[in-house]
1. Across the stretch 148-155, in residue order, what do the Karplus-derived ³J(HN,Hα) couplings come to in whole Hz, using 6.51 cos²θ - 1.76 cosθ + 1.60 with θ = phi - 60° and x for Gly and Pro?
2. What does the highest-first list of 70-77, 92-99, 143-150 look like by mean Cβ count within 10 Å?
3. For the chain, what does the equivalent ellipsoid look like in terms of its semi-axes, each the square root of 5 times an eigenvalue of the Cα gyration tensor, given largest first in whole Å?
4. Calculate log10 I(q)/I(0) of the stretch 85-131 for q = 0.16, 0.21, 0.22 Å⁻¹, where I(q) comes from the Debye formula with a single equal point scatterer on each Cα and nothing for solvent.
5. Applying the Karplus parametrisation 6.51 cos²θ - 1.76 cosθ + 1.60 with θ = phi - 60° to the phi angles of the stretch 26-33, what ³J(HN,Hα) value in whole Hz is obtained for each residue in order, glycine and proline being reported as x?
6. Under the rule a/c < 1.5 gives rounded, and otherwise a/b versus b/c splits prolate from oblate, where does the stretch 130-174 land using the Cα gyration tensor?
7. Label the stretch 82-179 by shape, choosing from rounded, prolate and oblate, from the square roots a ≥ b ≥ c of the eigenvalues of the Cα gyration tensor; if a/c is under 1.5 it is rounded, and otherwise prolate applies when a/b is larger than b/c, oblate when it is not.
8. Kindly provide log₁₀ I(q)/I(0) values, in the same order as q = 0.11, 0.13, 0.18 Å⁻¹, from the Debye equation applied to equal alpha-carbon scatterers of the stretch 14-129.
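Just so it is clear, none of the values below were taken in a lab; they were calculated from the coordinates. Worth saying up front: this structure is predicted, and the values here are computed from it rather than measured. Virtual Cβ from ideal backbone geometry, glycine too; neighbours counted across all protein chains shown.
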Amino acid sequence: MSDDHTRVQEFFAARAADWDSRFPDDGPAYAAAVAELGLREGDRVLDAGCGTGRALTPLRAAVGASGVVVGADLTPAMLQAAVRAGRDRDGRLVLADVAALPLRSASLDAVFGAGLISHLAHPAENVRELARVVRPGGVLGLFHPIGRAALAARQGRRITPDDLRAEPNLRPLLAGSGWRMTSYVDEDDRFLALAVREG
């Protein structure tokens with residue numbers, strides 16, 4: 001495992017037990033972001049970097065009983081927290097790295113990634129891997145329950161021009177990785193970038 005993976009696992013493992021209690025009011029923001037994916041009954045969707053699985057319930061509601069919901073995360077402690085919260089009832093949990101997903105090419109209709117992009121070791125390659133598993137015309141939603149400025153303030157830092165989530169950086173990153181950005185919102189109470197799988 002690379003040093004990048006080890007750092008991500010250590011960061012999230014130390015926070016897994018109380019992650020949900022630290023952010024108890026995020027549920028409506030997750031549900032609203034999932035609604036913007038435009039999922040339909042029977043769709044197949046991946047929650048990439050699912051953490052404690054907070055998106056799994058709205059994803060399951062969107063795709064219905066006939067749909068497929070998979071939550072993949074690199075950190076075992078986060079997946080264990082998802083099981084303790086009962087979210088494994090809404091989707092299949094998989095210990096996996098988004099850099100090498102154990103999924104067939106073009107097997108999904110959508111990918112949802114909450115707080116994902118800033119934790120990717122190789123963003124262009126990793127987002128290309130997300131494109132690999134989504135059918136042409138499928139959707140990617142990159143989400144955070146608060147915007148870039150609010151998140152930076154919470155963490156006691158400033159936004160820098162090299163922030164991957166800044167639209168001038170994210171748009172070409174996605175375009176070079178098989179996606180076309182269709183929507184970009186960065187407000188105090190949410191960040192959501194939507195893209196369509198090219199091809």
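1. Result, rounded to whole Hz: 4, 5, 5, 5, 4, 5, 4, 8.
2. Answer by packing, highest mean first, reads 70-77, 143-150, 92-99.
3. After diagonalising the Cα gyration tensor, the semi-axes are 22, 21, 17 Å.
4. Calculated log10 I(q)/I(0) at the listed q: -0.52, -0.86, -0.93.
5. 7, x, x, 5, 4, 4, 5, 5
6. Verdict is prolate for the stretch 130-174.
7. Oblate, since a/c reaches 1.5 and b/c is not below a/b.
8. Calculated log10 I(q)/I(0) at the listed q: -0.32, -0.45, -0.90.
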